Amino acid sequence: MNRALSLPRIVPPRLRAWGLLAAVSALLAALLHHAGLPAGLMLGPMLAAVLAMMAGMQVHLSGSLFIAAQGLIGCMIARGIPPSVVGTVGDKWPLFFGGVAAVTVAANGLGWLLARLRVFPGTTAVWGASPGAAAAMTLMAESYGADTRLVAFMQYLRVVCVAVVASLVAHVFVESGAPEAPPPVAMDWFPPVSPWSLLGTLLLALGGAWLGRVLRIPAGALLLPMAIGIVLHLVEGVTLELPPWLLALAYAVVGWNIGLRFTRPILAVAWRALPKVLVSTFLLIGICGLFAVALVDWAGIDPLTAYLATSPGGADSVAIIAATSHDVDMSFVLAMQTLRFVLVVMTGPAIARFIAARVTRGRPAEGL
């Protein structure tokens, strides 16, 4: 009897925490997926992780696990890109570069305005408003007197808001098209797969993700397997085998990675700034929504595709939403998201330094 009662205490605290997180994640993911919410398999674990951080649970996600998940998402993206993607970008390159530039300018302009209005201390808003490259912006912000915790809070809260809003928008479009849509079919989580195709896909995902990290390519764990997978899929006709249960695990890891960044210290520091952060985040989402309306009116892009393509940040989560939504031009969404990511990685830190230096120079008497 005593031994039976003491068994739960034998389980290490971290294992108990992970067990609870996995159970809550599975419950929320099942509820959201059953409700038909796109990316519910990612949003459920993400919300569970945020709740775990707010409750002070000691849960840490292995970096290797997240790298592997990025590789799988990269292969999923490669598999979802049709052969017409190259022609799509080539035929509409002014539209793509115009959309990417518009979102980048809007985000940096909002950061400059918030910094000038002193909504946040120092130059925090300049770094926090950048539409991507969250890790680089957070690391560089400290040298310009910004509060790195608030920068991280702004960056990752925007990723969460973009994922939730984009998923809700996709759900609205699915519901509005329900009368013409076929009835939902229960997902076969364990369909028959080709063992050799699955093994090759795993080697590509894990090996490409590892090589991307070793070569220190920005977001290489996602982009390198995606690039190689696109070549193999489109040029060589290689089948990328990704059964639903494997993708569900990858979605969960991506969701946990986002949610677990909201640690209690960051939440404590950001609590009083939360209304301002939310206003600036939804303002940027709204501005990008206007760009999506322009794409619909001027270029004839369907509304959901335009909205997902212009969503500011979280390329992996947007890719998951696009892949799980109906009637979305996956190639258009991924082309614009990828182009913006590359532009932000290449020019974002320099632009942020430029704006931060001028904001700081404009009020020398007060310091940073």
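The values are calculated or read from the model by the stated rules, or taken from the named source; none is laboratory data. What you see is a predicted model, and the numbers here were worked out from it, not measured in a lab. Don't worry about glycine lacking a Cβ; one is built from the backbone with ideal geometry, like all the others, and counts go over all protein chains shown. Areas reflect the complete protein model, heavy atoms only, side chains present, ligands, DNA and RNA absent. Shrake-Rupley method; radii C 1.70, N 1.55, O 1.52, S 1.80 Å.
Being open to solvent by less than 60 Å² (accessible area, probe 1.4 Å), at negative phi and modelled with pLDDT under 90: is that true of L7 here? So L7 does not fit the description; no. Counting only helices (runs of 4 or more DSSP H) that sit wholly inside region 217-327, those with at least 1 residues that are among the hydrophobic types (A, V, I, L, M, F, W, C) and open to solvent by 20 Å² or more (accessible area, probe 1.4 Å) are 220-234, 244-259, 264-270, 274-299, 315-323.
Say whether the condition of being more than 16 Å from the chain's Cα centre (by Cα) and under 30 Å from F120 (Cα atoms) is met by at least one residue in region 300-321. So far as region 300-321 goes, no, none of its residues is more than 16 Å from the chain's Cα centre (by Cα) and under 30 Å from F120 (Cα atoms).
The residues listed here are V344, V333; of these, the one that is open to solvent by less than 40 Å² (accessible area, probe 1.4 Å), under 22 Å from G220 (Cβ atoms), assigned to a helix (DSSP H, G or I) and at pLDDT 80 or above is V333. Of all residues in region 91-117, those being buried (at least 16 other Cβ atoms within 10 Å of the Cβ) and over 21 Å from V293 (Cα atoms) number 4. Among the conditions (1) at pLDDT below 85; (2) of a type outside the set (K, R); (3) in a helix (DSSP H, G or I), the only one that A186 does not satisfy is (3).
Look at (1) in a helix (DSSP H, G or I); (2) out of contact with any Asp or Glu (no Cβ under 9 Å at 6 or more places or on another chain); (3) farther than 22 Å from F341 by Cα and you find that L198 fails only one, number (2). Taking the listed residues L206, L211, the one that is on the phi < 0 side of the Ramachandran plot, among the hydrophobic types (A, V, I, L, M, F, W, C), surrounded by 15 or more Cβ atoms within 10 Å (Cβ to Cβ) and touching a residue at least 24 places away in the same chain (Cβ under 8 Å) is L206, with no other qualifying. In the set (1) at pLDDT below 85; (2) open to solvent by less than 70 Å² (accessible area, probe 1.4 Å), N2 fails one condition alone, (2). When V238, V269, V193 are checked against the criterion of being in contact (Cβ under 8 Å) with a residue 60 or more places away in the chain and either under 20 Å from G74 (Cα atoms) or of a type outside the set (G, A, S) (or both), V269 stands alone in meeting it. Taking every residue in region 278-291 that is farther than 16 Å from Q155 by Cβ and touching a residue at least 12 places away in the same chain (Cβ under 8 Å) and pairing it with any residue that is open to solvent by 10 Å² or more (accessible area, probe 1.4 Å) and assigned to a helix (DSSP H, G or I), at least 6 positions away or on another chain, the pairs with Cβ-Cβ distances below 6 Å are I287/A106; F291/A102. Residue count for region 292-305 satisfying the condition of being touching an Asp or Glu at 6+ places or on another chain (Cβ under 9 Å) and in contact (Cβ under 8 Å) with a residue 60 or more places away in the chain: 1.
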